[in-house]
Amino acid sequence: GAGVSQSPSNKVTEKGKDVELRCDPISGHTALYWYRQSLGQGLEFLIYFQGNSAPDKSGLPSDRFSAERTGGSVSTLTIQRTQQEDSAVYLCASSPVGPGNSPLHFGNGTRLTVT
Amino acid sequence: GEDVEQSLFLSVREGDSSVINCTYTDSSSTYLYWYKQEPGAGLQLLTYIFSNMDMKQDQRLTVLLNKKDKHLSLRIADTQTGDSAIYFCAESTTGGSYIPTFGRGTSLIVHP
């Protein structure tokens, strides 16, 4: 079956512009996660959606970052007024139920470069 | 300090065993995971272990957990060039709502 799909795979943008990154989770997965992977760093948790509950936004680094998940499926991560330090690979993952013993299934990521 | 720590690089010869180590700080860790990331790809779950277990074996992979020392290791037997990748250790805890916290990853290089 189809895995987690992310688009675009690469995005180059100018500093100050807004970007939208898309994630299509595995069908039927109720939980969706966004992580950021910077060069030489581990995965930094950004935000978590579980069903119809309010998202856990505790990892968002600033108010320029926001995310939504429509209809419990597709999610969009938006970064406003991008800065060079936003350059990273943004990874989306989904899982059948909440975290814990339910493994995360990752997409291939969107590589964002801010010039 | 970081919640999950790993050494950044490991180089082994093809056919040898690889041991990748990880330490974590949260004693309430419930699940501990190993993920593998190949170039240009997302992370793939290799295996995970519950905190009430000491060891888990799955074909060439052996996971050892020392709860007292908060130390987790992944042993890959008969390492092959296809095992070259970045290996991430991760933990999930009750305090963190079980959302996995990842280490920086260990780059495993397998040479002939």
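Here are some notes:
- Rounded, prolate or oblate (a/c below 1.5 giving rounded, otherwise prolate when a/b exceeds b/c) for chain B by Cα gyration tensor: prolate
- Modelled FRET efficiency - R0 30 Å, A:Q80 with B:L8, Cβ distances, 0.05 increments: 0.35
- For the protein assembly as shown, the number of Lys pairs with C-alpha atoms closer than 18 Å, counting only pairs eight or more positions apart or on separate chains, is 4.
- Approximate spin-label separation A:D63-B:A41, in nm, with each point projected 7 Å along Cα-to-Cβ: 4.2
- As a proxy for reagent exposure, B:H71, A:H105, B:H111 were ordered by neighbouring Cβ count within 10 angstrom, fewest first; the result is B:H111, B:H71, A:H105.
- Net charge dipole, chain B: roughly 120 debye, given to the nearest 20, about the Cα centre with Cβ charges of +1 for Lys and Arg and -1 for Asp and Glu.
- Likely footprinting exposure, B:S107, B:S11, fewest C-beta neighbours within 10 Å first: B:S11, B:S107
- Here's how it looks for B:S29: its modeled amide H is under 5 Å from none belonging to a residue 5 or more places away or on a different chain.
- The HN-Hα couplings worked out from phi for segment B:52-57 by the Karplus form 6.51 cos²θ - 1.76 cosθ + 1.60 (θ = phi - 60°) are 8, 10, 9, 8, 9, 10 Hz, whole numbers, x standing for Gly and Pro.
- Order of B:T25, B:T30 - criterion: other Cβ atoms within 10 Å of each residue's Cβ, fewest first: B:T25, B:T30
- The 3J(HN,Hα) values that the Karplus relation (6.51, -1.76, 1.60; θ = phi - 60°) gives for segment A:9-14 are, in residue order, 7, 9, 9, 10, 9, 8 Hz. Gly and Pro appear as x.
- Inter-label distance, nm, simple model (7 Å from Cα along the C-beta direction), B:Q57/A:S7: 4.7
Each value in this text was obtained by applying a stated rule to the coordinates, not by laboratory testing. Quantities reported herein were computed from a predicted structural model and do not represent experimental measurements. Ideal geometry is used to build each Cβ from the backbone, glycine not excepted, and the neighbour counts take in all protein chains shown.
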